[in-house]
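Here's the structure, in structure tokens; my notes come after.
The values are calculated or read from the model by the stated rules, or taken from the named source; none is laboratory data. Computed from a predicted model, the values in this text were never measured in an experiment. FYI the Cβ positions are ideal-geometry reconstructions off the backbone, even for glycines, and counts take in every protein chain you see. Each accessible area value is taken on the protein alone, full model and side chains, heavy atoms only, with ligands, DNA and RNA left out. Shrake-Rupley method; radii C 1.70, N 1.55, O 1.52, S 1.80 Å.
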Amino acid sequence: MINNKILVILFSVFISTSWGQIPQGYDLWMTYLKIENEGILTNYRNGLSSVYFEKGSRVLEAAQTELGRGLKSMLDQSPEISDNYVDAKVMLVAKRLNLDKTILKVMTSDINQIEEEGFIIETINHNGKEKVVITANDDVGILYGVFRFLQLIQAGKRLDDLKVLDAPKIDLRMLNHWDNLDRTVERGYAGFSLWNWQKLPEYIDQRYIDYARANASIGINGTVLTNVNANALVLTPMYLEKVAALANVFRAYGIKVYLTARFSAPMEIGGLATADPLDEEVQKWWKEKAVEIYKYIPDFGGFLVKANSEGQPGPQNYNRTHVDGANMLAKALQPFNGVVIWRAFVYSEHDATDRAKQAFAEFVPFDGKFMDNVLIQSKNGPIDFQPREPFHPMFGAMPNTPLMMEFQITQEYLGFSTHLVFLPKLYEEVLQSDTYTKGKGSTVAKVIDGSFYNNKLTGMAGVSNIGNDLNWTGHPFAQANWYGFGRLAWNPNLLADEIADEWLKLTYSTDPDFISLIKPMMLNSREAVVNYMNPLGLHHIFDTGHHYGPGPWVGNLSRPEWNPTYYHNADEGGIGFDRTPGGSNATAQYAKEISTLINNPKTCPEEYLLWFHHLPWDYQLKNGETLWNGLALHYQKGVEEVKDMCSTWESVKPYISKDQHEEVRMLLEIQLKEAKWWRDACLLYFQSFSKMKLPAGVEKPKHTLEYYQSLKFPFAPGIRPRWD
Ligand code: BDP
């Protein structure tokens with residue numbers, strides 16, 4: 001096991017080492033920009049000149065270091081640290097239990113209401129003096145409180161009326177890294193994996209610490225280090241020792257480590273002849289494996305499992321069920337309070353029914369049958385991280401099972417790290433969707449945060465967009481998606497608007513003119529990408545394998561449901577997937593209130609029209625246009641919206657540095673080029689069926705359909721080499 005002393009020394013060296021010039025974007029939303037306004041600055045300098053900070057753990061140390069770093073950078077002043085609680089003049093950071101009674105008395109927040117991991121930040125008047133108090137019940141609450149406090153300072157919040165009481169609404173707030181042991185990242189567009197397995201456990205990269213800081217700053221408390229398409233080797237001692245070193249770094253930031261468990265591991269690394277979950281030898285193997293893992297990592301979080309999905313092994317290989325598989329692993333982890341996160345992303349080449357229906361059909365009958373330490377993790381929509389999908393009907397159908405949300409932060413079907421797409425808008429749309437499971441107001445957010453069914457365990461996962469690029473995420477605005485995911489995992493009812501506002505202030509500038517120009521651009525960016533890629537409910541029309549550019553013509557892949565033609569069904573008669581009772585009847589998986597609405601094309605929200613209906617090209621849309629014209633105009637609109645993004649970006653030159661500006665300008669240029677590519681390729685292809693003219697206002701395609709069909713991208717990043 002790693003030598004703790006060495007690690008602690010390394011750790012403090014890193015903290016005190018100056019990087020010199022920090023690469024642009026490396027600091028993420030923790031840039032701690034110097035406060036410009038003199039009045040506010042003086043106020044902060046006086047109000048935060050000395051602090052008492054409770055000691056006693058690595059988490060508290062991390063919090064104190066962060067407070068020092070943030071204040072030094074924003075105020076150009078380091079607070080004096082008073083060792084003595086009574087002497088502390090202006091700021092107290094201590095756990096609730098350790099606060100003086102006279103202080104507790106003057107606090108107006110209901111201090112008994114602080115929940116686990118929650119905190120209070122309040123300015124009090126104590127003995128005639130103003131003091132800022134940050135308090136919590138646990139160390140991690142203090143850490144979160146400090147990060148929030150720094151964010152409030154950065155946003156220019158006045159000290160004299162601070163009163164924040166906050167706590168996470170969801171228990172497991174985690175990133176899922178699809179990182180392979182060779183450091184490639186499946187669907188990763190920001191370089192290679194952060195985890196340098198070859199140099200671990202001895203070498204602790206500064207990035208591990210900064211990664212943990214970034215996560216803690218938004219309340220993320222779990223990380224799955226490895227790909228769901230798992231390699232069993234990570235469960236061997238050689239790797240567990242490395243995982244333990246990472247876990248040790250992350251522990252100081254309240255983050256637990258999880259691993260993906262390959263279901264066939266007992267055979268691959270255990271030498272058994274089977275991985276049958278009902279086999280006693282197999283059960284024993286997993287139990288012993290759990291004991292071994294917890295020796296290395298006493299606070300190990302648990303396993304994330306992709307089983308019987310896209311070729312991954314699972315219990316069905318032995319005619320057993322998901323329940324058999326998940327519960328077997330859950331039993332092994334139970335003595336250590338570990339959890340099993342079992343994915344519901346399943347569809348089968350042996351099942352001819354609509355792919356959108358399969359996960360529901362497979363999992364809903366198991367409602368209530370999983371052990372208490374199992375969560376079922378479902379993607380937000382029933383297909384696969386498309387630019388727009390209706391919410392997954394499972395969220396309204398498993399009252400006795402904790403359902404964990406899986407969002408994708410990495411932009412697999414959203415232009416990789418090249419396109420500016422602010423995803424909290426998509427997350428918000430899903431979370432605020434009404435499942436009607438208990439009548440009106442039964443939002444997905446309420447299912448996920450457990451408030452509906454009183455789930456003992458709740459969770460939200462985001463498939464990470466992080467790699468070893470200098471700015472972590474490739475596109476600087478992709479950082480906002482990591483940030484926004486964390487904020488929504490903390491509180492699924494936050495609005496995308498507030499998140500954009502916070503992130504812009506922390507990352508670029510607090511200038512209200514800058515914010516008022518860029519925020520609307522961010523908020524509309526998701527709709528723009530839907531318009532130029534998949535308007536009116538179209539989905540999965542991406543080119544094979546890499547899922548980057550358009551490929552609506554692809555129809556020759558071995559599995560029917562891998563082909564775009566399966567999803568759009570375009571022919572001379574029309575376009576779209578009929579999921580009404582006359583078609584696949586997938587609409588029946590939703591509550592009556594919803595299915596009645598979506599079964600009728602006239603009442604189906606138009607953004608989902610072709611998701612649920614196959615309609616003739618001359619079908620009349622709500623605005624009176626034909627479906628063909630409407631489709632073409634949506635594609636054109638998407639292009640126009642990117643043009644607007646380019647000109648908005650031009651207008652913010654005065655507010656940010658030249659390099660910051662240039663970086664996004666160049667990326668937007670690519671986005672514009674590719675929005676046109678999407679429009680032209682899709683319209684030419686669909687026109688070969690509709691045989692209708694492009695409506696006025698839609699630009700003529702630059703090339704022929706054959707040209708677009710001939711484009712190949714064999715080395716596109718993030719490709720999963722083993723399939724389609
Ligand atoms: C799809 C990806 C594939 C993943 C799969 C999953 O194309 O690389 O392995 O999802 O979530 O979106 O398991």
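For the range 284-308, taking the residues that are of a type in the set (Lys, Arg) and assigned to a helix (DSSP H, G or I), the one that is nearest to the ligand (Cβ to nearest atom) is identified as Lys289.
Being more than 29 Å from Phe477 (Cβ to Cβ) and either crowded, with 24+ Cβ neighbours inside 10 Å or touching a strand residue (DSSP E or B) at 6+ places or on another chain (Cβ under 7 Å) (or both) is not true of Val164. Considering the range 203-283, the qualifying helices (runs of 4 or more DSSP H), each wholly inside and each with 3 or more residues that are away from the ligand (no atom under 16 Å from the Cβ) and touching an Asp or Glu at 6+ places or on another chain (Cβ under 8 Å), run over 237-251. Identification of helices (runs of 4 or more DSSP H) wholly contained in the range 589-657 with 2 or more residues that are within 28 Å of the chain's Cα centre (by Cα) and within 19 Å of Gly697 (Cβ to Cβ) yields 627-651.
For Tyr189, the conditions (1) within 16 Å of the ligand (Cβ to nearest atom); (2) in a helix (DSSP H, G or I) are fulfilled apart from (2).
Scanning the range 1-52 for residues that are modelled with pLDDT under 90 and β-branched (Val, Ile, Thr) gives Ile2, Ile6, Val8, Ile9, Val13, Ile15, Thr17, Ile22. For Asn180, indicate whether it is within 30 Å of Lys306 (Cβ to Cβ) and open to solvent by 10 Å² or more (accessible area, probe 1.4 Å). Here the answer is yes, as Asn180 does meet what is asked. Checked against the criteria, Trp472 does not count as within 18 Å of Glu674 (Cβ to Cβ), away from the ligand (no atom under 16 Å from the Cβ) and assigned to a loop (DSSP other than H, G, I, E, B).
If you check Leu536 against the conditions, is it touching an Asp or Glu at 6+ places or on another chain (Cβ under 7 Å), open to solvent by less than 40 Å² (accessible area, probe 1.4 Å), farther than 23 Å from Tyr347 by Cα and in a helix (DSSP H, G or I)?
Yes, satisfied.
When every residue of the range 343-362 is checked against the conditions, none turns out to be farther than 28 Å from Asn563 by Cα, in the same structural domain as Tyr427 (by TED's automatic domain parsing), free of Cβ contacts under 8 Å to residues at least 12 places away in the same chain and away from the ligand (no atom under 15 Å from the Cβ).
Applying the criterion of being in a loop (DSSP other than H, G, I, E, B) and away from the ligand (no atom under 16 Å from the Cβ) to the residues of the range 309-332, the residue that is nearest to the chain's Cα centre (by Cα) is Thr321.
The C-beta contact set for the range 294-309 (first residue under 14 Å from Val257 (Cβ atoms) and of a type in the set (D, E, K, R), second residue more than 11 Å from the ligand (Cβ to nearest atom) and open to solvent by 10 Å² or more (accessible area, probe 1.4 Å), distance under 6 angstrom, 6+ apart or interchain) comprises Asp299/Lys256.
Residues in the range 398-429 that are among the β-branched types (Val, Ile, Thr) and out of contact with any helix residue (DSSP H, G or I) (no Cβ under 6 Å at 6 or more places or on another chain) were compared, and the one that is nearest to the ligand (Cβ to nearest atom) is Thr410. Take the conditions (1) over 25 Å from Val530 (Cα atoms); (2) open to solvent by less than 30 Å² (accessible area, probe 1.4 Å); (3) over 15 Å from the mean Cα position of the chain (by Cα); Gly459 misses just one of them, which is (3).
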